[in-house]
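The values are calculated or read from the model by the stated rules, or taken from the named source; none is laboratory data. Keep in mind it's a predicted model, so treat the numbers as computed, not measured. Neighbour counts run over all protein chains shown; Cβ positions are idealised from the backbone, glycine included. Just so you know, the surface numbers come from the protein's heavy atoms only, side chains and all, with ligands and any DNA or RNA stripped out. Shrake-Rupley method; radii C 1.70, N 1.55, O 1.52, S 1.80 Å.
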Amino acid sequence: MIKVNKETVSGTDFDSRVFSGVKKLHDVVSKTFGPNGRTVVLKQPGQLPIVTKDGYTVAKFFDVEDEIERIGVDFVRNSAKKTANIAGDGTTTTTILAYKFLEACLKMKEAGQHPVEIAKKIDSFLSVFKTEVTKHVKNIETLQELYNVSIFFS
């Protein structure tokens, strides 16, 4: 149970409102994904508009009024920030993956699975995921290799 502005929120209502905030962030940030991503115009009162395709900038500007939804937004935004700090990029990818991950967890919970069992499945998945990703890591050591990567993704 969480109390916000004298409102007590718990259980399914809490989960769905947190997820609603995550979905709203996902819907905006995911539009910037990849080389064909769309540009987003950001405007704050008293400032010139910012036109960007950068998911990090979009996530930083994004906000919701509902305090419970903001919990979900802040959770994903902080995860994306950590990814960007470690990898130098990946805000949009982290936002999309977090959304899909939370969506799957909520479906499992709604289907009656116990949260502890869901956590065990997550741990198992992450272990396999890390192993598989690590198998495909290749360090870029020359400018030619960096050029080859940039050509591949353009």
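Odds and ends about this structure:
- Total formal charge among the other residues, if their Cβ is under 14 angstrom from that of Gly34, Lys/Arg +1 and Asp/Glu -1: +1
- Neighbourhood charge, 11 Å Cβ-Cβ cut-off, centred on Ala59 and excluding it, Lys, Arg +1 and Asp, Glu -1: 0
- Placing a pseudo-label 7 Å from each Cα along the Cα-to-Cβ vector at Gln44 and Glu141 gives an inter-label distance of 4.4 nm.
- Heavy-atom surface of the chain, accessible at 1.4 Å and reported per residue (Å²): 71
- Per-residue ³J(HN,Hα) for the range 88-104, Karplus 6.51 cos²θ - 1.76 cosθ + 1.60, θ = phi - 60°, Hz, x for Gly and Pro: x, 6, x, 4, 5, 4, 4, 5, 5, 5, 4, 4, 5, 5, 5, 4, 5
- Share of carbon and sulfur in the accessible area of the chain stands at 59%, probe radius 1.4 Å.
- Phi angles of the range 129-141 translate, via the Karplus equation with coefficients 6.51, -1.76, 1.60 and θ = phi - 60°, into HN-Hα couplings of 4, 4, 4, 5, 5, 4, 4, 9, 6, 9, 6, 8, 10 Hz per residue; Gly and Pro are given as x.
- Residue-count net charge about Ala84 - beta-carbon cut-off 11 Å; Lys, Arg +1, Asp, Glu -1: +2
- Rounded to the nearest 500, the helix-only mean residue ellipticity at 222 nm of the chain stands at -21000 deg cm²/dmol, with each DSSP H run of n ≥ 4 adding -39,500 (n - 2.57).
- Cα-projected label distance for Ser124 with Ser16, points at 7 Å along beta-carbon direction, nm: 3.0
- With an a/c value of 1.5 or above and a/b not larger than b/c for the gyration tensor axes a ≥ b ≥ c computed over the alpha-carbon atoms, the range 16-66 is described as oblate.
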